[in-house]
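Everything on this sheet refers to the single structure shown next.
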Amino acid sequence: MKKILILVLTSSVFIACQSGDKKANTSVTKDSLTKDSLSKTAKDSAIADVANYTTIEWLDSTYIDLGKQTEGKSIEITFRFKNTGNKNLVIQNVTASCGCTIPEKPEKPFAPGEEGVIKAAFNGAGQGEIRKDVHVTANTTPASSHTLTFRAEMIK
């Protein structure tokens, strides 16, 4: 009789835990990732939930040599990528290594197989060789942070 009672109690606890997990589940649903833009909470959840991780392929290179550029002229840089995984790609954050570079973050999620671009603008100040980094945080594996670099020789 004790064995049956223990078995019933254990089963009840197991079932209660499973149903409680479903109610508390705050992961990003497939429907919430198919919209054109996501709330900050949905983006944060996509980054935190490893079940929603995907892979990214940089189509050109993560390093661009712009050669000689005229000082004071605004320079625009684009880094093309493709979502090569089977989950939606969410770009959570795009930052630059300095204030003279202004990156543009895509707001929409990218479906599997879809391509996109990370854009950045450099104000072209200074002389000599410059080397700048743009950091991209996304729901990707093996790394969630990617560094994109460009260099130029600024001349008068």
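The values are calculated or read from the model by the stated rules, or taken from the named source; none is laboratory data. Note that the structure is predicted; figures quoted are calculated from it, not measured. Note that we place each Cβ from the backbone using ideal geometry, even for glycine, and neighbour counts take in every protein chain shown.
Each residue in segment 103-148 was checked for being of a type in the set (S, T, N, Q) and closer than 21 Å to residue 70 by Cβ, and 2 pass.
Do we find that residue 143 is part of a loop (DSSP other than H, G, I, E, B), without any contact (Cβ under 8 Å) to a residue 60 or more places away in the chain and either over 15 Å from residue 59 (Cβ atoms) or not aliphatic (A, V, I, L, M) (or both) in this structure? Considered against the rule, which asks whether it is part of a loop (DSSP other than H, G, I, E, B), without any contact (Cβ under 8 Å) to a residue 60 or more places away in the chain and either over 15 Å from residue 59 (Cβ atoms) or not aliphatic (A, V, I, L, M) (or both), residue 143 comes out as yes.
Counting only strands (runs of 3 or more DSSP E) that fall entirely inside segment 32-138 and contain at least 1 residues that are of a type in the set (Ser, Thr, Tyr) and at pLDDT 85 or above, the qualifying elements are 63-70, 75-83, 91-96, 101-104, 128-138. For first residues located in segment 64-80 and closer than 15 Å to residue 133 by Cβ, partners that are of a type in the set (Lys, Arg) and lie 6+ apart or on another chain with Cβ distances below 6 Å form the pairs 65/151.
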